[in-house]
């Protein structure tokens, strides 16, 4: 039973929610609309609809170059981070592990600290070691940033794994390597993939660490930032809409995977 | 036992990487913060002049305090708006709840720079707001009222970080067992009393942790103040950033980053202490 004051609170909170969602989403939709039609004095000219901005964006070599760099960085960083996450989770659960707490802190720090700290600490140390900035340094930056997410998901899954599975495997004469290959790894697979998709989303958007490590190489967010400083163009609206679509697809993948993970814990 | 050595070596390698890639670089810049510049060369030394400069020079120390104040305001706005929203979503059920949760979480997946761009394209000189106001005859010519001032920075940061505040509050609310709320109701408590004495206290540690993390996020931001604040949005992150760019004084920048690091670590420690006091 809802009484009156409760209903009023619900209505007010509901109105606030609707208003805030409008503020959060309206700019996004407006940019998407700007990318396909012209706007004069705040009025949308639907008859000017065209995909020209998308075509001219594809013929911009700096955008294509940034897109390729982003893909290289994201795939490399996610692959390294996923591999490391599995090794580190196995290590954390290994009885002989030493210095476990310190290593966990090191894993989580880049995710919790302001990105500016991670970015410039890697910048300073690569300068000290004489490593020039480029894709390799961006990959390192992204790897330490996304590792926390990948590690957390793999570790949670590993901790839920019944000991009996591993013991049964040993009893049946499997070696350590075989047990890992045929029992542990398949058990962890879904967590590794979810972590990888989440890490991919983070890497795709990462700006504040990359800016310190990029040198003269540009990832997509950095290119967008540079384009924004110059000014507005319908072409940027097209690129922005495309980036949003990619983020949406990745978000949908994560949502679907987490839902499967919840309903079917095996 | 089978061969133990390969496993130990593999583990040693994996365990060392976070130390080499995270802790060692942080250590390196902490060391750099004690160095100094001579004829645009970084000279190894041990002196505290960088730190002394920071505290003596009001341009830097004042910016630091101003940034803390800005982040406190951003956090306050995010909590005041985020709490009722999280509460509203928490009280829905079924598909509506899942859908609303998805809508509030989705902005977390959207690119930070893209969100900034879209906000600028609404508030900017040629933005939709100005075009509409001019088109309606309310304004004679486009105004810079909505951009390049402190309010724009505050508002934009609040919009950017609000979803980061809503999610942790929702997650702590969701951990409250339904039977506690029902018991309170059965014992004759009014909805307000139930909220005041059951829901709010139980969710408080998680809420505080969420607020502190929002604060840290705002603290490290150096792009938003530049993009919507222009010359007025001079925050601590931008000051540090400029030492690694135009100003070119890496040791001084490192010293200020060390102060940022110390502040962030303090807040993170407070947040994890608060989260550990969660009794549900």
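Taken together, the values in this text are just the output of simple stated rules run on the coordinates, not laboratory data. Everything numeric here is computed off the predicted structure, so don't read it as measured data. FYI the Cβ positions are ideal-geometry reconstructions off the backbone, even for glycines, and counts take in every protein chain you see.
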Checklist outcome for this item: Taking max minus min of the Cα coordinates of chain A on each principal axis, largest first, gives extents in Å of 75, 69, 31
Checklist entry - If you take all C-alpha pairs in region A:1-115, what percent of them are over 26 Å apart? => result 63 percent
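Is the shape of region A:149-237 rounded, prolate or oblate, going by the alpha carbon gyration tensor and its root eigenvalues a ≥ b ≥ c, with a/c under 1.5 for rounded and a/b larger than b/c for prolate?
prolate
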Next on the checklist: With the alpha-carbon atoms as the only input, what is the per residue convex hull volume for region A:55-177 in Å³?
Outcome noted: 177 Å³
Next on the checklist: Between A:241, A:207, A:179, where does the largest GNM mean-square fluctuation fall for chain A, given springs only between Cα atoms within less than 10 Å?
Outcome noted: A:179
Checklist entry - After finding the eigenvalues of the alpha carbon gyration tensor for region B:184-241, what semi-axes result from the square roots of 5 times each, listed largest first in whole Å? => result 42, 11, 6
Checklist outcome for this item: In this structure, the FRET efficiency calculated for residue B:269 and residue A:248 from their beta-carbon separation, with R0 = 30 Å, to the nearest 0.05, is 0.25
Item to check | Per residue convex hull volume, Cα atoms of region A:4-48, in Å³ | outcome: 82 Å³
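So how many Å³ per residue does the convex hull of the Cα atoms of the protein assembly as shown work out to? Before the final figure, lay out the partial values.
Values: hull volume 104.6 nm³, N = 546.
That works out to 192 Å³ per residue.
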Item to check | Rounded tilt (10° steps) of A:100-112 against the dominant C-alpha axis of chain A | outcome: 10 degrees
Checklist outcome for this item: Taking Rh as the Kirkwood radius computed over alpha-carbon pairs of region B:102-171 and applying Stokes-Einstein at 20 °C with viscosity 1.002 mPa s, one gets a diffusion coefficient in µm² s⁻¹ of 159 µm²/s
Checklist entry - Which three extents, in whole angstrom, do the alpha-carbon atoms of chain B cover along their principal axes, largest first? => result 82, 74, 38
Checklist outcome for this item: Per GNM of chain A with C-alpha springs under 10 angstrom, the most fluctuating residue out of A:18, A:85, A:191 is A:18
Item to check | Bins of 10 Å, starting at 0 and running to the largest distance - Cα pair percent for region B:1-129 | outcome: 9, 14, 21, 22, 21, 10, 2, 0
Checklist entry - What shape does region B:39-195 take by its C-alpha gyration tensor, where a ≥ b ≥ c are the square roots of the eigenvalues and a/c under 1.5 counts as rounded, a/b above b/c as prolate, and the rest as oblate? => result oblate
Next on the checklist: Counting only Cα atoms, I'd like the Rg/Rh figure for region B:18-57, Kirkwood definition for Rh.
Outcome noted: 1.09
Next on the checklist: Could you order the peptides B:260-269, A:5-14 from most to least packed, using the average number of other C-beta atoms within 10 Å per residue?
Outcome noted: B:260-269, A:5-14
Checklist outcome for this item: Computed over chain A: longest principal axis from alpha-carbon atoms vs helix A:135-159 long axis, angle to nearest 10 degrees, is 60 degrees
Checklist entry - Quick one: A:250, B:19, fewest Cβ neighbours within 10 Å first, how do they rank? => result B:19, A:250
